[in-house]
Amino acid sequence: MTVYLLANNEYDENCYCVLDNGHHCLVIDPGCQAQSVKDFLREEEAELRGILLTHGHFDHITSAQELSEWAGVPIIAAKAEAALLKDPSLNLSAFALNKGISLVPTRLVEDGETIDILYEPLQVIATPGHTPGGVCYYMEDDGIVFTGDTLFREAVGRTDFPLSDSEALTKSINERLFVLPPKTEVYPGHGRSTYIAHERKVHGQAY
Ligand SMILES: [Zn+2]
């Protein structure tokens with residue numbers, strides 16, 4: 001299991017390619033230009049198996065539809081995020097891009113579900129707050145969690161967007177993320193990676 005970061009200069013957003021030993025790949029939050037994902041897959045001789053979304057804001061989903069159609073793979077997102085994904089005003093694409101995005105995921109997941117696309121499963125952890133249907137994807141065996149815009153290195157997600165909820169975000173971080181093993185590596189939607197232990201220290205045990 002290897003994690004590659006495809007940074008995106010335009011939005012300063014992190015798109016991750018997760019590769020298993022069989023060269024199967026999952027792409028998380030392809031806000032990146034679709035081309036850099038395609039180039040990566042070609043260089044690694046990897047086969048794209050699915051697209052995971054941590055949440056629906058435009059900078060995390062811009063390339064999802066194109067990649068899904070190109071590779072014939074599902075787009076997976078939280079059921080609680082479906083309305084935001086579909087609505088260009090709520091996913092902010094109406095304001096940020098020339099063309100609004102209205103995305104309908106192929107598969108809708110809920111808290112506790114397991115995604116068995118790679119050799120190792122990913123567990124869905126619901127972390128509402130930044131958006132209503134924000135989720136993190138946890139790989140227990142590898143000790144990795146993809147946190148989208150819920151938790152960053154020494155910072156947390158913004159809650160000044162429509163449908164954001166700062167109390168819910170605090171609860172999500174304390175009760176769902178800070179309870180993970182301290183050595184768990186955190187791959188956020190923006191900025192550098194970090195560890196649960198470090199974030200607990202920075203935020204004083206509880207956020
Ligand atoms: Zn966001």
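Any read-out appearing in this document is the output of simple, stated calculations on the displayed coordinates, not a laboratory observation. Small disclaimer: the values here were computed from a predicted structure and weren't measured. As a convention, Cβ positions derive from the backbone with ideal geometry for all residues, glycine included, and neighbour counts pool all protein chains shown.
A few notes on this one:
- Residue list for the stretch 140-163, restricted to those being within 19 Å of Arg200 (Cβ to Cβ) and free of Cβ contacts under 8 Å to residues at least 40 places away in the same chain: Glu140, Ala155, Gly157
Per-residue answers, yes or no, for (1) among the aliphatic types (A, V, I, L, M); (2) touching a Phe, Trp or Tyr at 6+ places or on another chain (Cβ under 8 Å); (3) buried (at least 16 other Cβ atoms within 10 Å of the Cβ); (4) under 19 Å from Tyr187 (Cβ atoms):
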{"site": "Lys38", "(1), (2), (3), (4)": "no, yes, yes, no"}
{"site": "Arg42", "(1), (2), (3), (4)": "no, no, no, no"}
{"site": "Glu45", "(1), (2), (3), (4)": "no, no, no, no"}
{"site": "Asp59", "(1), (2), (3), (4)": "no, yes, yes, yes"}
{"site": "Gln65", "(1), (2), (3), (4)": "no, no, yes, no"}
{"site": "Gly72", "(1), (2), (3), (4)": "no, no, no, no"}
{"site": "Phe95", "(1), (2), (3), (4)": "no, no, no, no"}
{"site": "Pro105", "(1), (2), (3), (4)": "no, no, yes, no"}
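- Residues of the stretch 133-161 satisfying the condition of being within 12 Å of the ligand (Cβ to nearest atom) and either in a loop (DSSP other than H, G, I, E, B) or of a type in the set (S, T, N, Q) (or both): Gly133, Gly134, Thr147, Asp149, Thr150, Gly157, Arg158, Thr159, Asp160, Phe161
- Selection of the stretch 168-177 for residues being in contact with a Phe, Trp or Tyr (Cβ under 8 Å, 6 or more places away or on another chain) and surrounded by fewer than 18 Cβ atoms within 10 Å (Cβ to Cβ) yields Thr170, Asn174.
- Taking the stretch 180-194 as the range and being more than 9 Å from Gly143 (Cβ to Cβ) and either in contact with a strand residue (DSSP E or B) (Cβ under 8 Å, 6 or more places away or on another chain) or within 16 Å of the ligand (Cβ to nearest atom) (or both) as the test, the residues that pass are Pro182, Val186, Tyr187, Pro188, Gly189, His190, Gly191, Ser193, Thr194.
- Some residue of the stretch 184-194 being closer than 17 Å to Thr127 by Cα, of a type in the set (A, V, I, L, M) and free of Cβ contacts under 8 Å to residues at least 40 places away in the same chain: no
- Residues in the stretch 182-191 that are out of contact with any helix residue (DSSP H, G or I) (no Cβ under 7 Å at 6 or more places or on another chain) and within 14 Å of Ile144 (Cα to Cα): Glu185, Tyr187, Pro188.
Condition check ((1) over 19 Å from Asn14 (Cα atoms); (2) surrounded by 19 or more Cβ atoms within 10 Å (Cβ to Cβ)) across all residues:
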{"residue": "Leu118", "(1), (2)": "yes, yes"}
{"residue": "Ala126", "(1), (2)": "yes, yes"}
{"residue": "Gly129", "(1), (2)": "yes, yes"}
{"residue": "Arg153", "(1), (2)": "no, no"}
{"residue": "Phe161", "(1), (2)": "yes, no"}
{"residue": "Ser166", "(1), (2)": "yes, no"}
{"residue": "Val179", "(1), (2)": "yes, no"}
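- Contacts under 9 angstrom Cβ, first residue in the stretch 166-177 being in contact (Cβ under 8 Å) with a residue 40 or more places away in the chain, partner assigned to a helix (DSSP H, G or I) and of a type in the set (A, V, I, L, M), 6 or more apart: Leu177/Ile196
- Tally of residues being closer than 20 Å to Glu47 by Cα and free of Cβ contacts under 8 Å to residues at least 40 places away in the same chain across the stretch 93-133: 4
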